[in-house]
Amino acid sequence: MKKKAVCLICLFFLAGNFFSCPAQEDAEQTVADFNLSGFGDQGKKSWELSGKSADIFSDTIKVKDISGKLYGENEDILLTAQQGDFDKKQSAVHLEKDVVITTSGGAKLTTDSLDWDRKNQIISTKDPVSIKRETMVTTATGAVGHPDLNKISLTKDVTVEINPQDKKEPLQDLQDKVVITCDGPLEIDYQKNVAVFNNNVKVEQKDVTIYSDIMDVYFLVPDKNKAEQKAEAPSVMGANLDRIVSRGNVKIVRGENISYCEQAVYTAADKKIILTGRPKLVIYSREDFSAASGN
C-alpha cells in the first residue's frame, strides 16, 4: 500500500467532520506521521493529535502510536496509546494497549483499553484501571468519568492506598498508611471534595479497622500559601482530610475491642470518632474497662 502525505480530506476525517469523497469513499489509504489540531470558539486551540500512521476506511480510521492533547478550561489532558480506532459517524474513539491519561493537575490513569465519547466528553473502560494522584493510588475494574479525571466512578473491586505526604520518615509513613477497599462503585468528585465508597467498605490503618456499608470521605483543598498545612492532617485524594463518615452496619475493631453503630464520624482536626445510632461497645481488656469506668 502506498503511503501518502496528510491531505485535506484526511484532515476532515480525523477532525470528526464527516465530509466524503465519492472517489475515495470505498478505498483504503495510509497516512504516515500525521499531526492535526482542532479549534473551538473564538479560534482557540481545543485539541492536538499525532501518530505514526493512520489507515483510513469508509467508516473507521485505525491509528498507531497515538499521542493526543486536550486543552480544558482548568486542566490540560495528555492521552497516549499504542493503537486506536476512530468511528467517524459516532465521533467515538477506542484506544488499546498501554493507554495512559495524564492531567496537568497531577493525576495519571493507566489501563489496557479505553473508550472516549468525544461528543459527551466521557471516558470508560471495563478493564483493570489504576489512578495515581499525589499521595493516593486507586485500583479497580472498570471506570466511567470525565477525561480530566475530576469526576469519575470506579465500578468494582476497588482498593485505595493513601500515604502521608511527609517522606522524611519512611517507617512513620508505613505506620500511617491507610488502605480502603470496597466492592464498588467508588464515586469521586474532586469539584465537591468528596469520595463515596459503596458496599462492603473496609478501612485499615495501624491497629484500627472500620467496616461499613457506605463511607463518605470529605477532604479539604490545601492552601498553597500555607505549606505547613501539609503536616497538620493525613492526606487523602491529594488534599488534607476533613472527615470520614461511615454509614450502615458500622463495626470498628481496635485490638480485641469492638464497637458497633449505624454511623461513625471521624474528624481529622480533633482526631475523634463519634458513634451514633444504637452504639454498642464490646471491651475485652480489663485495663481498658477500668479506664472507661474510672476505677
Whether any residue in the stretch 221-240 is within 12 Å of the chain's Cα centre (by Cα) and modelled with pLDDT under 95 is what I want to check. yes
Residue count, the stretch 180-222 (criterion: of a type in the set (A, V, I, L, M, F, W, C) and assigned to a loop (DSSP other than H, G, I, E, B)): 1
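Yes/no matrix, rows are residues, columns are (1) surrounded by 15 or more Cβ atoms within 10 Å (Cβ to Cβ); (2) under 17 Å from Phe34 (Cα atoms); (3) of a type in the set (A, V, I, L, M):
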| residue | (1), (2), (3) |
| --- | --- |
| Leu49 | yes, yes, yes |
| Asp55 | yes, yes, no |
| Tyr71 | yes, no, no |
| Glu75 | yes, no, no |
| Val99 | yes, no, yes |
| Ser113 | yes, no, no |
| Lys132 | yes, no, no |
| Val144 | yes, no, yes |
Against the condition part of a strand (DSSP E or B), touching a Lys or Arg at 6+ places or on another chain (Cβ under 7 Å) and under 25 Å from Phe39 (Cβ atoms), how does Val63 come out, does it pass? no
Only one of (1) crowded, with 21+ Cβ neighbours inside 10 Å; (2) among the aromatic types (Phe, Trp, Tyr); (3) free of Cβ contacts under 8 Å to residues at least 40 places away in the same chain is not met by Phe86, so which one is it? (3)
Kindly provide the set of residues from the stretch 178-212 that are basic (Lys, Arg) and surrounded by 15 or more Cβ atoms within 10 Å (Cβ to Cβ), ordered by number. Lys202
Of the residues in the stretch 248-264, those that are farther than 11 Å from Ile210 by Cα and touching a residue at least 24 places away in the same chain (Cβ under 8 Å) come to Gly248, Gly255, Glu256, Asn257
Looking at Ile101 and the list (1) closer than 15 Å to Pro147 by Cβ; (2) modelled with pLDDT under 80, which single condition is not satisfied? (2)
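The values are calculated or read from the model by the stated rules, or taken from the named source; none is laboratory data. This one's a predicted model, so the numbers in the text were calculated from it and none came from an experiment. With ideal geometry, Cβ positions are generated from the backbone for all residues, glycine too; neighbour counts draw on all protein chains shown.
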